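Structure first, then comments.
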Amino acid sequence: MEIRKYQYIKRMAFCCLLASTLAGCNKFLDIAPPSAVSSDAYFTDEGHLSTYTITRYNEIFRTIDGTGGNGLYLDDSGTDNITNRGGNNRYLPGQWRVGSTGGAWNFSVIFQLNFFINQVEDRLATVGIAGNPVNNNHYLGEAYVLRALAYFAKLKDLGDFPIIREVLPDNQEALAEASKRSPRNEVARFILEDLDRAVALLQENPPTGGRTRIQRDLALLIRSRVALFEGTWLKHHKGTAMVPNGSAWPGATKEYNQGYQYPSGSIDSEIDFFLTEAMNSSKLVADRHQLTQNTMTIKQNSAGQGNPYYEMFASENLTNYDEVLLWRDFDLSLSVVQYWNHYLYYGNGYGYTRQYVDNFLMANGLPIYAVGSGYQGDDFVGQVKENRDWRLRLFMRAPGEVKAFLGLDAGVSPEIEPVVPVIDGNARFLEGTGYSIKKGLSYDNQMQANVGRDVTAIVCFRAAEAYLNYLEASYEKNNAIDGTADRYWRSLRRRAGVDEDYSKTIAATQMSLEGTNDWGAYSHGMLIDPTLYNIRRERRSELIAEGLRYADLLRWRSMDQLNGFKIEGIKVWGPMKDVYGNRLVFGGTTTNTVSDPSRSTYLRVHQIAPNNQFFNGYFFTEAHYLQPIAAEHFLIASPDGVTPANSVIYQNPGWTTVAGSAPNGF
């Protein structure tokens, strides 16, 4: 087989763009394969190391793009939390198909980081690197965290994946060997090992950049996330083709994975290992970081009382927020801006689902359906926020609230949320469900109203997740709430303005009702127990619009039961209909503004247009828990270049190796 057939790996062997500290952080000096890069020219001093790793951040963390369509606070779109008027093909079995090229089977970032790690470790062990040795180790630790994050993305997307630690030579045999997929739990263990190395190398406070750069507690938080992900994936997908040695696991078809044994002896021991690691790592973080204060106020003018909890997501600088472990900085003077505020100022077609809003507890700790909850109903948007969990009250807009009160021109009054949400018209001014996202929206009108002016910092990781990770991991492992979990859970509820007595919530929970709104009420098509469910509810409420929902649903195996699930928004056919008047149009083929009231009193966002491909609801097939590998990769890694079955790579469960094909059975 010609070496060119391994272009998908050879590409990755090229050196990432090196930034010059003399020319500025984003001025790239060279593009060359590692074999052509002289160790005498690069990685000779601390500045080279610092610059190389910081330029990798953009390849790891998602950022707001120019359309406002993808970004950290919209990564929950396409779940039961947030939607737009479109949808995602993962909920249309038969429409999501095997690609011909590309896809998640890609090694570019991994090889960039391998190159750095190999070069730096070699130099540190031989000729040394100029600068502060502690700082040099710190930047090496950054690279280990970045490689761990790159591999974690592969674990979530593909499961089993090749573990590659070195930059590979132009050698057919070596490249073929490197293409072999390691069982997913081995990949997860490799990630934990990288994070262990990082923890040993990283400083508590980075040499530069504060918490806009990676530091030790961040590595521990990521470690807890990875361990919880894998432990719960193995537990809830146990026995299926999605786990090593499960029924019809495709890894067993390859000689190199036959007879596989778990390192801990069994899948149950492996589950226990990962859950224990999640507990240990998360506790180290949670015990060192307090939750940001919630003053239980919504600031409406410059003289009003501020709320640090809200402002943690709506400020330019997050240096003083101990809860934030990594944040993304923007700088208008350098034209480094984002677009979140501008595009979500009116809605841009996105919104929280009715099912998500209904899931938030009342301040007294009761679900909205419980006797004595005090729920005021949902005839108008403002009502649903009354006496509710403060996370809903703070991070969802409601009529009468001020959009922004700073940065206004002289004589201009702040814009106020309208009496009813805008649910028709141009997508720029459309609130997708009527329940509008507020998380991350600045008080400054300049950032909201003007494109290219937004320098609101983005929270990438925060310590509250460590509280949640410990709580969930400990219950999944021990089926009980221990003293530490109890303390963390009460802290989260106290900050949210919810009665700390979670036992009251558990006793009032009716799983048959929760299952109608929350996909996380299920694992492998069955309703879970009320305690575990309320732990998941806490996570859903705390991480509102922070981009972790889909990964949670994957690891919980919480979409087996989807069979025509209808996403809904506001109660448009209640009393609000009189305010909208003749703006509510339905029954046509192209002029509809809302869904037919005969289907639901709530806005059915995918049943407005008859030709919407999600008109009949969301469906799911087990194959969609993992992504397919594109067809070209099987040919490239096949000895004759034309026979996929002979490839060292195997396809994910339920998918074929034929480009354009749907999962089996569709």
ask   = Can you list the residues, at least 5 places off or on another chain, whose amide H is less than 5 Å from the amide H of Ser182, using H built in the peptide plane?
value = Phe161, Ile163
Other-chain or far-sequence residues with amide H under 5 Å of Gly351's (modelled H) = Thr83, Gly432, Thr433
message = Need one number: the % of Cα-Cα pairs in the chain sitting beyond the 41 Å mark.
response = 29 percent
task = Past 21 Å, Cα to Cα, is the threshold; run Lys180/Lys238; Lys154/Lys477; Lys238/Lys504; Lys403/Lys566; Lys385/Lys571 against it and keep the listed order.
result = Lys180/Lys238; Lys154/Lys477; Lys238/Lys504; Lys403/Lys566
message = Using alpha carbons only, how many angstrom separate the centre of the range 161-221 from the centre of the range 426-466?
response = 32 Å
note = Output for the range 542-592 (equivalent-ellipsoid semi-axes, sqrt of 5λ from the C-alpha gyration tensor, Å, descending) is 33, 16, 10
task = Note down the relative contact order for the range 462-565 as a percent, whole number, built from C-alpha pairs under 8 angstrom at least six residues apart.
result = 25 percent
ask   = If each Cα of the range 462-565 is one equal point scatterer, what is log10 of I(q)/I(0) from the Debye formula at q = 0.11, 0.23 Å⁻¹?
value = -0.32, -1.43
Shape box of the range 212-252 [Cα atoms, principal axes, largest first, Å] = 44, 17, 12
inquiry  = Taking θ = phi - 60°, what integer Hz values does the Karplus form 6.51 cos²θ - 1.76 cosθ + 1.60 yield along the range 632-646, in sequence order, with x for Gly and Pro?
reply    = 4, 5, 5, 5, 4, 9, 9, x, 9, x, 9, 10, x, 5, 8
ask   = Kirkwood Rh over Cα pairs of the range 374-517 into Stokes-Einstein at 4 °C, 1.567 mPa s: D in µm²/s?
value = 70 µm²/s
query = Karplus couplings for the range 561-575 from phi (6.51 cos²θ - 1.76 cosθ + 1.60, θ = phi - 60°), rounded to Hz, Gly and Pro as x?
reply = 7, 5, 8, x, 5, 9, 6, 10, x, 5, 7, 5, 9, x, x
Order of Tyr550, Tyr321, Tyr488 under a 10 Å beta carbon neighbour criterion, fewest first = Tyr550, Tyr321, Tyr488
remark   = Expressed as a whole-number percentage, the relative contact order of the range 308-446 with C-alpha contacts under 8 angstrom and at least six residues apart is 32 percent
All-pairs Cα distance distribution in the range 339-379, expressed in whole percent, bin size 10 Å = 26, 35, 24, 15, 1
query = What residues have an amide H closer than 5 Å to that of Glu568, excluding those fewer than 5 places away on the same chain, when H is modeled at 1.01 Å from N in the peptide plane?
reply = Arg354, Gln355
remark   = When all Cα-Cα pair distances of the range 526-641 are considered, the percent exceeding 25 Å is 50 percent
message = Taking the 0 to 90 degree range and rounding to the nearest ten, how far is the long axis of helix 133-158 tilted relative to the main principal axis of the chain, both from C-alpha atoms?
response = 70 degrees
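Taken together, the values in this text are just the output of simple stated rules run on the coordinates, not laboratory data. Predicted, not measured: the structure shown is a model, and the values here were computed from it. Every residue, glycine as well, gets a Cβ built from its backbone with ideal geometry; the counts of neighbours run over all protein chains shown.
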